[in-house]
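Reviewing the structure listed below.
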Amino acid sequence: MQWQFFPSRTLTIYLAKIFIQRIAAMLILIAMVMQMLDLLGESGKILAFKGNTEAQLWYYVSLRTPQLIARFLPYSVLLATIITLVGLNQNSEVIAMKAGGMSAHQVLAPFLLTALAVSLLSFVFNERVVTRANATLKAWQAAEYAPIPRTSGVHSNVYVRDGANILTASMLSGEGTSAVMEKVTWYRRDANGMVLQQLRSPRATWVAPGWKLQSPVSFDVQSANLKTLPDMVIAQATSPAEASLSTVDADGLNVFELSRAMTELNKSGRHTDELDGKWWHKFSGPLSTALMPLLGAIAAFGLARSGQVLIRAVIGMALGFAYFFVDNAAIAMGNFGGYPPLVAAWAPFLLFLLIGETVLVRTEE
């Protein structure tokens, strides 16, 4: 019996190498298929804007691909685990390793180590690449694929209260006196919250104080009159900083930027439970990749000629997809306040870690 956690150096490198190859193959295959399907649905919208050409389609692909990689990497690791272990089992390599005195954990050790390294790379990739792609793509989609300002701090789907009134915009860019809102709507309401007037403008600029609407169109609710008004200033108490805080997008910010945004929101007296859960999930999400070999490990064992391998592969796949379902449900419950943020982010990981370990020990150890 070998008491060290890892098998020999040669065997560890061999198993890690074939595992990495299958992860890469599955990730490329899934990302390419999903990218083509997604592009079929979005290409018409992109080309609908006058002036957009094939270059904008490739630009969309460059922004969407990092999102697809981040989303489907854990699935790729799960499928690669099952495919690799089933192949090793059918070729009697697992039997040879166990006959040499290796335990099930030692057989899985190279897979777990490789998956952990992939999860660390995934975290760095998410923080450095995916967050920027998310922020840019959401701003571009909010502008209906029109050119967006090449400035930092672009926010989409702005929604902010102006006393009893409400100010919305499809996009906010710039800071201070250079702040600009696009596709602006301002709702004037009474003390009971009933809308009295609606003002729509294609553009609004910050004039300190207030936002200056360009050629606003007014709709009076009581008289149902629609008319164009001269430029006017509204929402004098709503600054660009307040407007930007109303649109904090956790998917478009890295860990440090999200921490600063949450601090500002806490100072202003706003609740950040939903953002807290997403902050924690920035760590637990990539780490779920390291969990996949344990959930798919059941496919490695059992006699290949007994027909159990297919059943075990299905069970391993079911465990993996069950984790993704429970993880998404927990995050949704956390967003609604049903779970504390820390529990929503980490409970599914710890639960399926125990389930995977229990299944492995009960069946093989």
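The values are calculated or read from the model by the stated rules, or taken from the named source; none is laboratory data. Keep in mind that this is a model prediction, so the values were computed, not measured. Reconstructed Cβ throughout: ideal geometry from the backbone, glycine too, with neighbour counts over all protein chains shown.
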- prompt: Looking at this structure, is L112 under 15 Å from F301 (Cβ atoms) and either crowded, with 18+ Cβ neighbours inside 10 Å or of a type in the set (A, V, I, L, M, F, W, C) (or both)?
  reply: no
statement: Within region 1-33, of all residues that are surrounded by fewer than 16 Cβ atoms within 10 Å (Cβ to Cβ), of a type in the set (A, V, I, L, M) and farther than 30 Å from V61 by Cα, the one modelled with the lowest pLDDT is M1
task: Determine whether region 81-97 contains at least one residue that is assigned to a helix (DSSP H, G or I), out of contact with any strand residue (DSSP E or B) (no Cβ under 6 Å at 6 or more places or on another chain) and among the small types (G, A, S).
output: yes
- request: Return only the number of the condition from (1) touching a helix residue (DSSP H, G or I) at 6+ places or on another chain (Cβ under 7 Å); (2) assigned to a helix (DSSP H, G or I) that A208 does not satisfy.
  value: (2)
message: Pull out all pairs, ordered by first then second residue, where Cβ-Cβ is under 6 Å, the residues are six or more apart or on different chains, the first lies in region 295-312 and is outside the structural domain of V86 (by TED's automatic domain parsing) and surrounded by fewer than 22 Cβ atoms within 10 Å (Cβ to Cβ), and the second is modelled with pLDDT under 70 and assigned to a helix (DSSP H, G or I).
response: none
- prompt: Has region 161-181 got any residue that is hydrophobic (A, V, I, L, M, F, W, C), closer than 18 Å to A237 by Cβ and surrounded by fewer than 15 Cβ atoms within 10 Å (Cβ to Cβ)?
  reply: yes
- request: Collect the residues in region 318-338 that are in contact (Cβ under 8 Å) with a residue 60 or more places away in the chain and surrounded by 19 or more Cβ atoms within 10 Å (Cβ to Cβ), keeping them in residue-number order.
  value: G320, G334
message: I'd like the residue in region 255-289 that is among the small types (G, A, S) and part of a helix (DSSP H, G or I) and, out of all such residues, is nearest to A135 (Cα to Cα).
response: A261
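Residues V77, V86, V107: which one is under 29 Å from I30 (Cα atoms) and at pLDDT 90 or above?
Details: V86 fails: at pLDDT 90 or above; V107 fails: at pLDDT 90 or above.
Unique residue meeting the criteria: V77.
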- line: Of the listed residues (L78, L112, L120, L108), the one being in contact with a Gly (Cβ under 6 Å, 6 or more places away or on another chain), assigned to a helix (DSSP H, G or I) and touching a residue at least 40 places away in the same chain (Cβ under 8 Å) is L78
